[in-house]
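Note sheet for the following structure.
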């Protein structure tokens, strides 16, 4: 690969207003969709060259879906646009005075800047957990976790030591939000229907799945009724739920909780919180709790030409005093709304305030096990909620190919429980493992 000093952003000059978008997630992609090409030049900068449907990451991690089935190349999404320019590059900082975005390979001027960088895992300052645990925030995380899980089962089948085997078969998931709940349920179904056939020499009654959270219920963002039902469904699947429980340390082999309890495990999945993926250059006064403070137009506090949308944006309203939930719908709606306001600006029309329409929340626990909170304080559970979850997720997948692949996988699993991606493409080796340390010491 070429060195950075041999590369440049190479964006053509334009007489149209230039909109620079940092991030290629739900908000950024939807913004571009609604911006008319004849009115704007759009430049998207992202450290990933694909648009991913993150609610299905756990299915990649548990071998239910191929990574490519929940992602599409960003260039493919907009290959019919002549004045859309994507650059696969990391942004280093923003210069709001010079109206410039700086990257590893150069700088670019903007007329409007939209920050749509989303969130990253929050380890609350615990470097040990950050280094040793497994996050589940992007596609590479899901592939790494899949490798870790499959390697653990393979190694469990090759050891005679009971304690070592137990550490390989124990899985601890920190965080009982939607990601943790859906991952725990999926692993429980694997344990029941798939793994005993793959590893007939192992006793999977010894495999423990722990779901832990510092709060007093699972699925805290959902209603108490949905939380209770999900809790019951998880227990029926054999998931060990530990509430009011905080992880203190993890050394790669033992999870230690604040109350002193310990669990032997080679796999700690960290889904215990997120924080905004902020960028250097804007004043500290524009931030609150790791998110950019924005007004009803998504303008960042103190700026008229810099915007934040989606998870990274904190828009306080009477209905949402702590900001909107950090899920896909606010990002999609804010992206579309901001695009329409920029068009209004071009036409000399007044901007409109953003008004979030809450379409409800869904979480799946397993086959025919799901919960849904709907507008009007209505809740659903069981088979109906499960079907609703399936249709909603198929609908929001990008591209006919992805919809077809995911639907065919789900239909196949409906009748067989089979998961066809139980392959280790890229064996995972922890950077602090004995083998890596020995190679580094030998200079290899």
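Things worth noting here:
Yes or no, residue by residue, for (1) surrounded by fewer than 21 Cβ atoms within 10 Å (Cβ to Cβ); (2) modelled with pLDDT of 95 or more; (3) more than 30 Å from residue 182 (Cβ to Cβ):
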position: 88; (1), (2), (3): yes, yes, no
position: 103; (1), (2), (3): yes, yes, yes
position: 129; (1), (2), (3): no, yes, no
position: 149; (1), (2), (3): no, yes, no
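- Some residue of the range 254-266 being under 22 Å from the mean Cα position of the chain (by Cα) and assigned by TED's automatic domain parsing to the domain that holds residue 173: no
Let's see how each residue does on (1) touching a helix residue (DSSP H, G or I) at 6+ places or on another chain (Cβ under 6 Å); (2) at pLDDT below 85; (3) part of a helix (DSSP H, G or I); (4) surrounded by 14 or more Cβ atoms within 10 Å (Cβ to Cβ):
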| residue | (1), (2), (3), (4) |
| --- | --- |
| 388 | no, no, yes, yes |
| 403 | yes, yes, yes, yes |
| 406 | yes, yes, yes, yes |
| 411 | no, yes, yes, no |
| 435 | no, yes, yes, no |
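- Verdict on residue 197 being more than 24 Å from the chain's Cα centre (by Cα), without any contact (Cβ under 8 Å) to a residue 60 or more places away in the chain and closer than 23 Å to residue 378 by Cα: no
- Among residues of the range 117-147 being in contact with a helix residue (DSSP H, G or I) (Cβ under 6 Å, 6 or more places away or on another chain) and not in a helix (DSSP H, G or I), the one that is farthest from residue 264 (Cα to Cα) is 117.
- Scanning the range 367-386 for residues that are buried (at least 21 other Cβ atoms within 10 Å of the Cβ) and in contact with a helix residue (DSSP H, G or I) (Cβ under 6 Å, 6 or more places away or on another chain) turns up 369, 370, 371, 372, 373.
- Single residue of the range 33-44 satisfying the filter (free of Cβ contacts under 8 Å to residues at least 60 places away in the same chain and in contact with a strand residue (DSSP E or B) (Cβ under 9 Å, 6 or more places away or on another chain)) that is farthest from residue 333 (Cα to Cα): 41
- Odd one out for residue 354, checked against (1) surrounded by fewer than 19 Cβ atoms within 10 Å (Cβ to Cβ); (2) part of a loop (DSSP other than H, G, I, E, B); (3) modelled with pLDDT of 90 or more: (1)
- Restricting attention to the range 195-221, the residues that are modelled with pLDDT under 95 and crowded, with 22+ Cβ neighbours inside 10 Å total 0.
- Checking each residue in the range 209-242 for being outside any loop (DSSP other than H, G, I, E, B) and under 15 Å from residue 364 (Cβ atoms) picks out 211, 226, 227, 229, 230, 231, 232, 233, 234, 236.
- Just one of the listed residues (56, 9, 31, 65) is at pLDDT 95 or above and surrounded by 19 or more Cβ atoms within 10 Å (Cβ to Cβ), namely 31.
- Among residues of the range 148-179, those that are in contact with a helix residue (DSSP H, G or I) (Cβ under 7 Å, 6 or more places away or on another chain), in a helix (DSSP H, G or I) and either outside the structural domain of residue 215 (by TED's automatic domain parsing) or over 21 Å from residue 58 (Cβ atoms) (or both), counted: 4
- Summed over the range 235-253, the residues that are in contact with a helix residue (DSSP H, G or I) (Cβ under 8 Å, 6 or more places away or on another chain) and within 15 Å of residue 133 (Cα to Cα) give a count of 6.
- Pairs where the first residue, in the range 130-142, is free of Cβ contacts under 8 Å to residues at least 40 places away in the same chain and the second is part of a helix (DSSP H, G or I) and buried (at least 18 other Cβ atoms within 10 Å of the Cβ), C-beta under 9 Å, 6+ apart: 140/67
- Checklist (1) more than 17 Å from the chain's Cα centre (by Cα); (2) in contact (Cβ under 8 Å) with a residue 24 or more places away in the chain; (3) assigned by TED's automatic domain parsing to the domain that holds residue 111 applied to residue 75, failing item: (3)
The values are calculated or read from the model by the stated rules, or taken from the named source; none is laboratory data. Keep in mind that what you see is a predicted model, and the values were worked out from it rather than measured. So basically every Cβ, Gly included, is an ideal-geometry build from the backbone, and we count neighbours across all protein chains shown.
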